[in-house]
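Student: Structure below; questions to follow.
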Amino acid sequence: MQALNKWWIPAGLVASLACVVAVAQKPDTRKTEPVAETPVEKPKAAKPYSLESFMRKKLDASSKILEGLCQEDAALVKAGAEELSAMSRVEIWNVMLDAEYRQHSIEFRDNAARVAEAAEAGQFDKAALRWFDVTMSCLDCHDHVRKERAARKTEASEPDANEEKSQSEKSKPDK
Ligand code: HEC
């Protein structure tokens, strides 16, 4: 839960730009104006909505795809795949900005597009296999996110980690 807090903030920013401006200006207004004179509505804090519920919507889109595959309903499969694909283009999606995260996002989108393509062609067996690829993309990306976070934590608590690396590099060339 604690880890999530960090992400609610950017989520809130995306959710409402007006809010951001309000938050950004608030400290100044407070300093210069008496509090009584400014019964301004409180800027809404980053809501617990946002990233978590956004991310959970992938489950809804996924079950659309699964239902579509079960019922051989190409339109439903396509709708779910397009939802997933669209989600991965929204700014809030980019929780991480490293190359690997981006790569996972691209693969995820490609795989989702392939599911839709196969379903539209009436090839539901193929679409089902492609769906596995999408599912693996889900897991791979989450795995990456977890590892990346763990690595960041370690870096934060062990400032010498980089030094160790450079030392081992130094010890490589023999004299
Ligand atoms: C490119 C990366 C990526 C891909 C692909 C991806 N996710 Fe996620 N997912 C995330 C990130 C980042 C979070 C937020 C993790 C956090 O902040 O703790 C998340 C969170 C979630 C959560 C938890 C939300 C919560 O309650 O906190 C669910 C459920 C989820 N994803 C489902 C899926 C499903 C289903 C798929 C595939 C159809 C998928 N994800 C694909 C990156 C990804």
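Student: Which of THR135, THR154 comes first, and how do the rest follow, when ranked by fewest Cβ neighbours within 10 Å?
Tutor: So the residues, fewest neighbours to most, are THR154, THR135.
Student: Also: Add +1 for every Lys or Arg and -1 for every Asp or Glu among the other residues with Cβ under 14 Å from the Cβ of GLN71, and state the total.
Tutor: Overall, the nearby charge balance is -1.
Student: Run the quick spin-label model on GLU91 and GLU155: label points 7 Å from Cα toward the beta carbon, then report their separation in nm to one decimal.
Tutor: 2.4
Student: Once the other residues with Cβ under 12 Å from the Cβ of GLN103 are scored (Lys, Arg +1; Asp, Glu -1), what is the net sum?
Tutor: Net charge around GLN103: -3.
Student: With label points built 7 Å along Cα→Cβ from the Cα atoms of HIS142 and ALA79, find their separation and express it in nm.
Tutor: Placing both labels 7 Å along Cα→Cβ, they lie 2.5 nm apart.
Every number in this text was worked out from the coordinates using simple rules, so none of it is lab data. Because the structure is a prediction, the values reported are computed rather than measured. Here Cβ is always computed from backbone atoms with ideal geometry, including for glycine, and neighbour counts include all displayed protein chains.
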